[in-house]
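Just so you know, all these numbers are worked out from the coordinates, no wet-lab data involved. Model, not experiment: these values are computed from the prediction. Neighbour counts run over all protein chains shown; Cβ positions are idealised from the backbone, glycine included.
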Amino acid sequence: PLQENLHVDVCVIGAGIAGLTTAYLLARSGKLVAVVDDGPVAGGMTQMTTAHITNMLDDRYFEVEKLHGREGARLAADSHTAAIDRIETIVKQENIDCDFTRLDGYLFLADGDKRETLERELEAAHRAGLRAVQLLERAPFRSFDTGPCLRFPNQGQFHPVKYLASLAQAVKHEGGRIFTGSHADRVEGGVPGVVHVGKHVVTGDAIVVATNVPINDRVAIHTKQAPYMTYVIGARVPRGAVPRVLSWDTGDPYHYIRLYDDLLIVGGEDHKSGQATDTAERHSRLEVWARARFPMMGPLEFAWGGQIMETQDYLAFIGRNPMDHENIYVVTGDSGMGITHGTIAGMLLSDLILGRTSPWEALYDPSRVTLRAAADFARENSNVALQYTDWLTAGDVKSADEIAPGDGAILRRGLEKIAAYRDEQGRLHERLAGCPHLGCVVHWNRSESTWDCPCHGSRFDPYGKVINGPANKDLAPADRSHEQRAA
Ligand code: FES
């Protein structure tokens, strides 16, 4: 933990893939860097990702081309390809043992989708410069026939936590410092920028906020992206029974598949965060889908979930923070492609901070307004507005007695809503259910045992401790409710 005041060239908040890649590239260029994170290294969404390292854009090249033009789609393809290459270079340079492998990726049709989707995507991918993408009659799975598919060659996969553990060592080796268990309470722009961490401050000529969702921006970026939960299962398969490839279907939400050693990892069942009542069933549905295609799967050994920030125009926000001082940078909006977007952030932000130009600057500019995405923008924001009507509804249960050990529910108590969690020993823990970011009511996620905000991505553990921004404070204790009302 940080135990002194410190001045550095660049302070990075967040020790995930984006923060540590940025810190590493800047440290290698001679900058004095400090990284602060309230948890351990890779303790946020980077430890949840299935780490498909790919230039197959999951929103489709033909859609990206519609919003960003042919040149935009080409730059998107270039940047994701460059991210895969950069990861490979770093792995070699630093001799990182993280199971990095190059492999092919296959995009196949979801039930009910038509070959035409693949044909359109093939043409758009070729126009974006990915000339090696091919249309094939089936992916190489023996246990089920995918039907026609696109093959994206030369993709990558690795173990994200092993990669970041070594990247953290490399940052330190280059003279950088990493402070975990150090919560950034507040960020101030200006010269220098200031990051308040408890009793101490880190000042920096530049500040990078890489906290998955920015903790320093109250509104500007949050109206342009929306949080979605995604779910993952893992089960052993006999060696050689499933080919080592990445794979995705074209569904919405889509399924994604990879192999780690003899562990088959299948994900999907996404829904808008805090807006599904059947979170406990998502893993079972995923299992049914997977077993129909991979009947050789053993019993489930893993089941987990993570959050994705979907931007209105399919690409991450990376660059100077909108409406802020010039020296405050952000990265957010992973769009389900967090490993490549996080690595692109490292390359792009280090270029900007070092005063170099980058061909990707405009494409990822957090201030961009993509007019062609206006309909989606309006839809997502009216969905957020709708969430405030939660304050008018009843609780999930009438009384805390209805909450079983290990479960949580929202209670109504007068004008207040209470996020009540009963621990395995039967003790009840109550917090105010109003999200400290902008006041939406959090919802219980039974599958993940978290309180998820349906508005902009904040998440809290069962006891109300914040685990994902933009909220930067815990849920308030319920016994302070009268103070809150007075405020
Ligand atoms: Fe914005 Fe909760 S994340 S109100």
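Quickly run through segment 120-142 and pick out the residues that are farther than 24 Å from Gly156 by Cβ and either in contact with a Gly (Cβ under 6 Å, 6 or more places away or on another chain) or surrounded by 14 or more Cβ atoms within 10 Å (Cβ to Cβ) (or both).
Listed by number, the residues that qualify are Arg120, Glu123.
Mind checking whether some residue in segment 271-285 is among the charged types (D, E, K, R), out of contact with any Phe, Trp or Tyr (no Cβ under 9 Å at 6 or more places or on another chain) and farther than 21 Å from His52 by Cα?
There is at least one residue in segment 271-285 that is among the charged types (D, E, K, R), out of contact with any Phe, Trp or Tyr (no Cβ under 9 Å at 6 or more places or on another chain) and farther than 21 Å from His52 by Cα.
Give me the pairs, please: first residue somewhere in segment 207-226 and of a type in the set (Ser, Thr, Tyr), second residue anywhere and within 11 Å of the ligand (Cβ to nearest atom), beta-carbon distance under 7 Å, and either six or more positions apart or on two chains.
Listed pairs, sorted by first residue: Thr211/Gly469.
Could you list, in sequence order, the residues of segment 32-72 that are among the small types (Gly, Ala, Ser) and either within 19 Å of Tyr231 (Cβ to Cβ) or not in a loop (DSSP other than H, G, I, E, B) (or both)?
Scanning segment 32-72 gives Ala34, Gly44, Ala51, Gly69, Gly72.
So which residues in segment 207-221 are crowded, with 24+ Cβ neighbours inside 10 Å and either of a type in the set (Phe, Trp, Tyr) or within 10 Å of the ligand (Cβ to nearest atom) (or both)?
Val213
Listed here are the residues, each with its yes/no results for (1) within 25 Å of Ser382 (Cα to Cα); (2) in contact with a Lys or Arg (Cβ under 6 Å, 6 or more places away or on another chain); (3) of a type in the set (Phe, Trp, Tyr); (4) buried (at least 22 other Cβ atoms within 10 Å of the Cβ).
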| site | (1), (2), (3), (4) |
| --- | --- |
| Lys417 | yes, no, no, yes |
| Asp423 | no, no, no, no |
| Arg427 | no, no, no, no |
| Cys435 | yes, no, no, yes |
| Phe460 | yes, no, yes, yes |
| Tyr463 | no, no, yes, no |
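Those residues that are part of a strand (DSSP E or B), of a type outside the set (A, V, I, L, M, F, W, C) and within 16 Å of His159 (Cα to Cα), I need them from segment 73-109; list them, please.
Across segment 73-109, the qualifying residues are Thr101, Arg102.
Applying the selection to segment 461-473, what residues are in contact (Cβ under 8 Å) with a residue 60 or more places away in the chain and assigned to a strand (DSSP E or B)?
Ile467, Asn468
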